[in-house]
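The values are calculated or read from the model by the stated rules, or taken from the named source; none is laboratory data. Every value quoted in this text rests on a predicted model; they were computed, and no experiment measured them. The protein model used for the area step is the full one, side chains on, heavy atoms only, and it has no ligands, DNA or RNA in it. Shrake-Rupley method; radii C 1.70, N 1.55, O 1.52, S 1.80 Å.
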Amino acid sequence: MSVPLPPPAGRATPPDCPRARCAARCLRAGALLAAVSAVLLTLVALEWGPLVSLDRSVADVLHRVAVGQPGLTRAARVLTDWVWSPTAMRAALLAVGAWLVWRRELPLALWAAATAALGTVLQQGLKAAVDRPRPHWPDPVDSARYAAFPSGHALTATVVCGLLVWLLALHGTRSTW
């Protein structure tokens, strides 16, 4: 019985490698999500009537709930301002980047940092290009100065959490996690 030898240095990763399977799944999921995001971006930029109407009705309902439930609104503000804030998300990624550097995985740490930076540049560029105003109410529960779409909180959390899940899968975390 012979023992298979590892591939020579410089050769591609074998297709049965967990990292290759993880990368392939991530690429397929990323392509699908990018296509859906492109369609949504186009519909928002074109101010497609049914989407604008749906958005306004959801915003109105959520605003009424926020005004009527101050405790719930305070809890949402804590989550928004502290837990899911772009700063908290970037701090989590910075900690993971430091861990990767400590493990001597500098290329992976740099790749994660570059991906997060690209996400921020993309979000700011899309905000400037679409320039979608935020809704206005006579009794606002919060305020923000920047355009409404895409959400900096949502995009940053998506990029960072996506990177964290990918890094966990890449490092062999059980699928149950």
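So that you can scan it fast, the table gives a plain yes or no per residue for (1) part of a helix (DSSP H, G or I); (2) farther than 30 Å from Val130 by Cα; (3) open to solvent by less than 100 Å² (accessible area, probe 1.4 Å); (4) modelled with pLDDT under 65:
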residue: Met1; (1), (2), (3), (4): no, yes, no, yes
residue: Leu5; (1), (2), (3), (4): no, yes, no, yes
residue: Ala23; (1), (2), (3), (4): yes, yes, yes, no
residue: Val36; (1), (2), (3), (4): yes, no, yes, no
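When segment 54-68 is filtered for residues that are open to solvent by 60 Å² or more (accessible area, probe 1.4 Å) and charged (D, E, K, R), the ones remaining, listed by number, are Asp55, Arg56, Arg64.
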